[in-house]
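Working notes, beginning with the structure itself.
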Amino acid sequence: MRTYVRMERAVICLYIPRFELLCALAARPGGGDRPDGRGAGAGDEGGSALPGRACALAPLGSGGIGEVSAAAQALGVRAGMRVGEALARAPQLELLRADPLLAERCFERVLGALEAVGAAPEVERAGTAYLRAEPLYRLHGGLDGVVRALQGSLARLARARGALAASVACHRLGVGRSRFHALLAARRARARRALTFAPGRAERHIAALPLGALALRAELVELIEPLAELGVASLGELLALGPQALGERFGRAGLLAYDLVRGHEQPVCGRPAAERIEEQLTLAGPLTGQALEHALSLLLDRLLAHPGRRARSIRTLSVAAALAGGGSWRRQIALRSASAHREQILLAVSRPLLELPAPAERLTLAVERFGAPVAEQLSLTDGLRAQRSARLREAISQVRAALGVNSLLRIAPLEEGSRAPERRFILTPRE
């Protein structure tokens, strides 16, 4: 007797509200974590570490503030707002120094908990990840079994203490047919609970949501106001306009909004297995300027001599610093072309140091992605066509290293004689 599991297409979204803010708060002495390791209550989006506290992440450089707590949001403070305007609306606002290194380490452990049950997560940002449910159906016995396995793995992780427990304890899971639908479900789920937009009723739930749900995608924020002026109040009314009207009025952004609401997106791609090497240097004291650049050059020499590099060129690096007075800073740099030339790499990684908001006490340099081996065999008869092809392949690799695998696509014929226009061509990765 055989048992068959129905392979329904489903995307699961793990959403941890205010993840970076909770990590920054827990990094302070007496950060507010509960001794039992449990975090938020079912209805508290910020966790027990934020019991009515009006706080926000301090801006890095000249930008606006980062994530804000629910209490600060109730006073009119929003992420991206200038510090002066935020303090004018909430004089009691407490600014916390961001700690992206701690948030990265904590979320890496969360991703490890997802991978422990067989998932291949795709990371959008710290606190938000997506995964496909179909490959896990036979392993856990359908969609409900996959959700229970994820919740059990996260519950075991939440028994830890510190920033990880405060954040994971208020996680939410959302299930939908696409990333956008799954994120909508996760943001409406209760803490430590899962909300599923059922395939048969997902369209009705999505259509009833307000138009402001488009703000989940940064490229669609500008559509909300003009659509509201046209009398559109919900996502269902947006679908009623049709793709032709949205495309003529709003262009590519209108078509993107229509596809997202309908659940048409590229499939979820799990993060690749990356081979990462890093070097770290604890400085004698808080340093800036030329002294910090000299320390960075020493780190680069160590990195180029690391045995794990194996004579390969470097495509993407990250430079991070632990700041004096608490907090951290991190930047990722994608080189224009994969290289092992010391001066070229040093010039690329030195420029972001000008953005440091405070002196650094510890410096970290890491290779996120490698390129081809350094040795390159040239041909005496290499013509213009071969040179153009090589430059095109290099440009494609550069764009993908900076923007992702699906950043460059090409139109390929599928069924040119089909009566349905959407079946005549298909988008595939550019080779």
### Message
Go through the range 88-102 and report how many residues are touching a residue at least 60 places away in the same chain (Cβ under 8 Å) and touching a Cys at 6+ places or on another chain (Cβ under 9 Å).
### Response
5
### Query
Of the residues that sit in the range 196-223 and are of a type in the set (Gly, Ala, Ser) and part of a helix (DSSP H, G or I), which one is farthest from Asp144 (Cα to Cα)?
Ala218
### Query
How many of the residues in the range 381-431 are in a helix (DSSP H, G or I), touching a Lys or Arg at 6+ places or on another chain (Cβ under 7 Å) and under 20 Å from Glu265 (Cα atoms)?
1
### Summary
Restricting the range 148-167 to residues that are assigned to a helix (DSSP H, G or I) and at pLDDT below 85, the one farthest from Ala98 (Cα to Cα) turns out to be Ala165
## Note on the structure
When the range 326-339 is checked residue by residue, the ones that are buried (at least 17 other Cβ atoms within 10 Å of the Cβ) and over 30 Å from Gly66 (Cα atoms) are Ala338
### Summary
Among Glu361, Glu368, Glu416, Glu355, the single one that is acidic (Asp, Glu), without any contact (Cβ under 8 Å) to a residue 60 or more places away in the chain and outside the structural domain of Arg28 (by TED's automatic domain parsing) is Glu416
### Query
Among the residues of the range 295-309, which ones are surrounded by 12 or more Cβ atoms within 10 Å (Cβ to Cβ) and small (Gly, Ala, Ser)?
Ala295, Ser297, Gly308
### Message
Considering only the range 344-351, I want to know if a residue exists there that is surrounded by fewer than 17 Cβ atoms within 10 Å (Cβ to Cβ), free of Cβ contacts under 8 Å to residues at least 24 places away in the same chain and among the aliphatic types (A, V, I, L, M).
### Response
yes
### Query
Name the residues in the range 88-103 that are hydrophobic (A, V, I, L, M, F, W, C) and part of a loop (DSSP other than H, G, I, E, B), would you?
Ala90, Leu93, Ala98
### Task
Tell me which of these Gly285 doesn't satisfy, since it passes every other one: (1) in the same structural domain as Leu323 (by TED's automatic domain parsing); (2) closer than 30 Å to Arg369 by Cα.
(2)
#### Entry: Members of the range 333-350 that are in contact with a strand residue (DSSP E or B) (Cβ under 8 Å, 6 or more places away or on another chain) and not in a strand (DSSP E or B)
Ala340, Gln344, Ile345, Ala348, Val349
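Restricting the search to the range 311-333, which residues are in contact (Cβ under 8 Å) with a residue 60 or more places away in the chain and either among the basic types (Lys, Arg) or touching a His at 6+ places or on another chain (Cβ under 6 Å) (or both)? Don't jump to the end; show me each part of the working.
Residues of the range 311-333 that are in contact (Cβ under 8 Å) with a residue 60 or more places away in the chain, as a first pass: 311-313, 315-316, 320, 322-323, 325-330.
Correct list: Arg312, Arg315, Arg330.
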### Message
Which pairs turn up if I take residues in the range 103-117 that are within 21 Å of Gly66 (Cβ to Cβ) and look for partners that are part of a helix (DSSP H, G or I) and among the charged types (D, E, K, R) with beta carbon separation below 8 Å, at least 6 apart in sequence or on another chain?
### Response
Ala103/Glu20
### Message
For the range 242-294, give me each residue that is farther than 30 Å from Glu222 by Cα, modelled with pLDDT of 90 or more and crowded, with 18+ Cβ neighbours inside 10 Å.
### Response
Glu279, Leu292
### Query
How do the pairs read when you match residues in the range 184-196 that are farther than 15 Å from Ile16 by Cβ with residues anywhere that are β-branched (Val, Ile, Thr) and in a helix (DSSP H, G or I), using Cβ under 8 Å and keeping only pairs 6 or more apart or on different chains?
Leu184/Ile206; Thr196/Val147
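The values are calculated or read from the model by the stated rules, or taken from the named source; none is laboratory data. In this text, all values refer to a predicted model and were calculated from it rather than measured experimentally. Every residue, glycine among them, receives a Cβ derived from its backbone with ideal geometry; neighbour counts consider all protein chains shown.
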